[in-house]
Amino acid sequence: MQQPIWRRISATRRGAALASVTALALAVTTSASTGRLMEDAPSAAGPVSAARGAALGPCMISGAMGVQMSEGVPTQPGYARSTGTVRALNLMVDFSDAPGEGSAKDRLAEFFPQTSQWFRTSSYGRLDYRPESPISGWLRMPKPFAKYGIERGAPFDPGYRELVEDIVAAADPEVDFRAYDLVNVLVTPNAGPSALDTVLSVTFAGNHEAPVADGVPVANASFVYSRQDDGSGSYHETGYRVLPHENGHVFGLPDLYTHDGGGAVGHWDIMSEDWGANNDLLAWHKWKLGWLDDDQVSCAAKAGTTEHLLTPLARSGGAKLAFVPLDEKTGYAVEVRTGGGNDEAVCKPGVLVYRVDADVDTGHGPITVADSTADSGGCTRRPNVHAELSDAPYGPGETFTDREKGVRVTVADATDDGVHRVHVTRP
Ligand SMILES: [Zn+2]
């Protein structure tokens, strides 16, 4: 149910909105294997596999079998572990027609230590991300870059398979692939087009048909190409953010942007927008990844009105997520977003309400944020932040309503330290 999940987005010019490309369903290329393979694969447990309390059962929505990469909880097996110590193998790769400029260590330093710190902060310390680079120099591929046929949306076969086989052959003498949970291939930025024109970066996640190294398939691998430098002068602070996005796929998270861009979720999740100012993940994703305990989640499954006291997502501890299941596949999530932690571009703190549909595949809009102020133009003008949804959160006295489903989410009040009292009414 998973296979290549690639990234999107070509930022047009600096400050401009992001255009994007549809994430292609790869079922076509590897049709025979997807689905069944994962069930049989003796892979490590998925990110969230612990038994759940019965109270949360109705909130553990799941998608149909054909969904490649779903918002369902728990995440399907086959992805990398997202809690505890996770060892990431980093390989800096170059080509005869794109020789590495500067040192490979400098390339690595474009992503670390920020990526590890990003995961530490977002996971409240539950993901201890250890980047390792046993080969400190550029790993030269045997063929020129152009020969691999790597382009945006390219499937795993044949180009990426060849590239991974060549990477394994070149690295194997010095690397024990069994020691790692995931692989980051940090390609020299001068290979392929500028990220301003075409973003090639891609992750192949849960791909147990990948070439085998030291007896294990290179099943979860992220590839990062040219720099996401929008020219605003913030590359050194924000350029690494493509890697936590790509690794999000390795942990089983779908893309939230669609072929229309980031308008479904805006800057509220790094799986929606990974350019520009730092941002966090939605609480739904944190629960999915095992970064929230079940007692930090409340499930509003019963008819009537329930009260939920929610603490800001950026702060460790306390209740974070209320979920209103509509059926076995969909529901509304409710959380409190404020500035702090990884969220640096929040211009209207408050209660974020969004619809989660586990039956909608990656890149097709599995999550949609409700905008408390539709067509307002938003409250930010920061580059690469979807403006319209920046003031989406609901404040005290405001109510989200889904008339069709009979669901209401009202923000009753908020304390000075950001604890919001929310009333959920449902049939
Ligand atoms: Zn992506």
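The values are calculated or read from the model by the stated rules, or taken from the named source; none is laboratory data. Quick caveat: nothing in here was measured; it's all calculated off a predicted structure. Cβ coordinates were reconstructed from backbone atoms using ideal geometry, including for glycine residues, and neighbour counts include every protein chain displayed.
Scanning the stretch 256-278 for residues that are among the polar types (S, T, N, Q) and surrounded by 24 or more Cβ atoms within 10 Å (Cβ to Cβ) yields one hit, 272.
Here residue 45 qualifies as under 23 Å from the mean Cα position of the chain (by Cα), within 25 Å of residue 218 (Cβ to Cβ) and at pLDDT below 95.
All conditions in (1) over 26 Å from residue 427 (Cα atoms); (2) away from the ligand (no atom under 16 Å from the Cβ); (3) at pLDDT 95 or above hold for residue 361, with the sole exception of (2). Kindly indicate whether residue 212 is closer than 21 Å to residue 165 by Cβ, of a type in the set (A, V, I, L, M, F, W, C) and within 13 Å of the ligand (Cβ to nearest atom). No: the conditions fail for residue 212. Residues in the stretch 197-255 that are assigned to a strand (DSSP E or B) and more than 15 Å from the chain's Cα centre (by Cα): 212, 213, 216, 217. Does residue 202 fit the bill of being within 22 Å of residue 387 (Cα to Cα), within 12 Å of the ligand (Cβ to nearest atom) and touching a Lys or Arg at 6+ places or on another chain (Cβ under 8 Å)? Considered against the rule, which asks whether it is within 22 Å of residue 387 (Cα to Cα), within 12 Å of the ligand (Cβ to nearest atom) and touching a Lys or Arg at 6+ places or on another chain (Cβ under 8 Å), residue 202 comes out as no.
Among the criteria (1) among the small types (Gly, Ala, Ser); (2) at pLDDT 95 or above; (3) within 13 Å of the ligand (Cβ to nearest atom), the one residue 301 does not fulfil is (3). Just checking, does the stretch 119-128 include any residue being assigned to a strand (DSSP E or B) and within 23 Å of residue 176 (Cα to Cα)? Scanning the stretch 119-128, I find at least one residue that is assigned to a strand (DSSP E or B) and within 23 Å of residue 176 (Cα to Cα), so the answer is yes.
Here the strands (runs of 3 or more DSSP E) wholly within the stretch 302-341 that include at least 3 residues being surrounded by 23 or more Cβ atoms within 10 Å (Cβ to Cβ) are 321-325, 330-337. When both residues are 6+ apart or on different chains and their Cβ atoms are under 7 Å apart, which pairs have a first residue that lies in the stretch 195-206 and is of a type in the set (Val, Ile, Thr), and a second that is in a loop (DSSP other than H, G, I, E, B) and within 11 Å of the ligand (Cβ to nearest atom)? Listed by first residue and then by second, the contacts come to 199/7; 199/8; 199/9; 202/7. Could you check the stretch 205-263 and list, in sequence order, the residues that are of a type in the set (A, V, I, L, M), in contact with a helix residue (DSSP H, G or I) (Cβ under 9 Å, 6 or more places away or on another chain) and within 17 Å of residue 189 (Cα to Cα)? Hits for the stretch 205-263 are 224, 243. What are the residues in the stretch 286-320 that are within 21 Å of the chain's Cα centre (by Cα), under 21 Å from residue 408 (Cα atoms) and touching a residue at least 60 places away in the same chain (Cβ under 8 Å), if any? Across the stretch 286-320, the qualifying residues are 297, 312.
Scanning for something of a type in the set (S, T, N, Q), within 16 Å of the ligand (Cβ to nearest atom), in contact with a strand residue (DSSP E or B) (Cβ under 9 Å, 6 or more places away or on another chain) and touching a residue at least 24 places away in the same chain (Cβ under 8 Å), does the stretch 242-257 turn up at least one residue? Yes, the stretch 242-257 contains at least one residue that is of a type in the set (S, T, N, Q), within 16 Å of the ligand (Cβ to nearest atom), in contact with a strand residue (DSSP E or B) (Cβ under 9 Å, 6 or more places away or on another chain) and touching a residue at least 24 places away in the same chain (Cβ under 8 Å). When residues in the stretch 296-328 are screened for being basic (Lys, Arg) and farther than 26 Å from residue 346 by Cβ, 1 of them pass. When the residues of the stretch 49-68 are filtered to those that are buried (at least 22 other Cβ atoms within 10 Å of the Cβ) and at pLDDT below 95, the one that is farthest from residue 179 (Cα to Cα) is 63.
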